[in-house]
Structures are given as C-alpha cells and as structure tokens.
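Notes follow the structure.
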Amino acid sequence: MDFKIDTRDTFSVITPDSETITVILTGELQATVEKMRQSGSLNFIVDFQNCASIAEEAIAELVSMHQACYSKGGSLVFTGVNGKIMAALKADETDLLINVTPKMIEAIDIISMEILERDLFGEES
C-alpha cells in the first residue's frame, strides 16, 4: 500500500493512496503509525481525501488504531472523510469514538489542543 507521509514539527500526516478503506489498509496504517512512533512521532493525522468508500470490517480497525494511539500518549485524527464514509461511521456511532474532521485545519487544531492539554496536565503532576 502506498502512503504519502508529511512529517511536521508536532505531527505527521499520512495520506493513503487507495479508493477504499479496507482491513488490509488499516493494518498497514497501524504498522506505519507504530514504526513512526518508535522513531519519535506521537501525533498523527490520517487524510482519507483519496478514499471514496470504507469496508464495514475496517471501521473497527479505525477504533482500535485510535485507542492504541491514545493509550501511548499520542493523538490521532482522521480527516478528508467524504459523505459516504461519514455515513458509514455514523451508522454505528463510530464517529463518536474517534476524532473525525471534514477539513485538515480542524484536524491540526485538535492535535494542537491535545498537545497543549497534555503539556498542562503534565506540569500539574
């Protein structure tokens, strides 16, 4: 699977080059995120701008990836989600379990706010 990866100061953007979000794609995304985490990246935006549909079984994998990222002190936001994919996420309320934004700027805002929250709560300890 091909991914375009754009690494910035506080986060990395991963853009899959696939028409459909499948279990195979989400597995490779998880492996890519884990490899990047080991090299120091903690915060990720997955941009689904090239994806037109999602396989039903891939939805649970997005939730799993989201939970794994947060359990390790990082952030994960999915963006560029079209109406068909968003409808699939809303069908079983997955959109309430993961961070999903329609636009990149909103994803960057979520990452920035979560970094700030972790910094603030870390100083209070």
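Quick note: the coordinates plus some simple rules give every number you see, no bench work behind them. Everything numeric here is computed off the predicted structure, so don't read it as measured data. When we count neighbours, we look across all protein chains shown, and the Cβ atoms used for this are built from the backbone with ideal geometry, even at glycine.
If you check MET65 against the conditions, is it under 14 Å from the mean Cα position of the chain (by Cα) and under 14 Å from VAL13 (Cβ atoms)?
Values: under 14 Å from the mean Cα position of the chain (by Cα): yes; under 14 Å from VAL13 (Cβ atoms): no.
No, not satisfied.
For segment 61-99, which positions are free of Cβ contacts under 8 Å to residues at least 24 places away in the same chain and either basic (Lys, Arg) or on the phi > 0 side of the Ramachandran plot (or both)? Spell out the reasoning first.
Step one: of segment 61-99, the residues free of Cβ contacts under 8 Å to residues at least 24 places away in the same chain are 67, 70-71, 83, 86-87, 90-91, 93, 95-96.
LYS90, GLU93 - these are the residues of segment 61-99 that are free of Cβ contacts under 8 Å to residues at least 24 places away in the same chain and either basic (Lys, Arg) or on the phi > 0 side of the Ramachandran plot (or both).
A single member of LEU42, LEU25 is out of contact with any Asp or Glu (no Cβ under 6 Å at 6 or more places or on another chain), surrounded by 18 or more Cβ atoms within 10 Å (Cβ to Cβ) and closer than 21 Å to ILE111 by Cα, and it is LEU42. Of the residues making up segment 72-107, those that are closer than 22 Å to GLU34 by Cα, in contact with a Lys or Arg (Cβ under 9 Å, 6 or more places away or on another chain) and not in a loop (DSSP other than H, G, I, E, B) number 2. Output the residues belonging to segment 54-90 that are touching an Asp or Glu at 6+ places or on another chain (Cβ under 9 Å) and of a type in the set (Gly, Ala, Ser). Answer for segment 54-90, where residues must be touching an Asp or Glu at 6+ places or on another chain (Cβ under 9 Å) and of a type in the set (Gly, Ala, Ser): ALA68, GLY74, SER75, GLY80, ALA88. Report yes if some residue within segment 86-98 is within 21 Å of ASP9 (Cα to Cα) and among the polar types (S, T, N, Q); otherwise report no. No; the residues of segment 86-98 include none that is within 21 Å of ASP9 (Cα to Cα) and among the polar types (S, T, N, Q). Scanning segment 1-14 for residues that are without any contact (Cβ under 8 Å) to a residue 40 or more places away in the chain and hydroxyl-bearing (Ser, Thr, Tyr) yields a total of 2.
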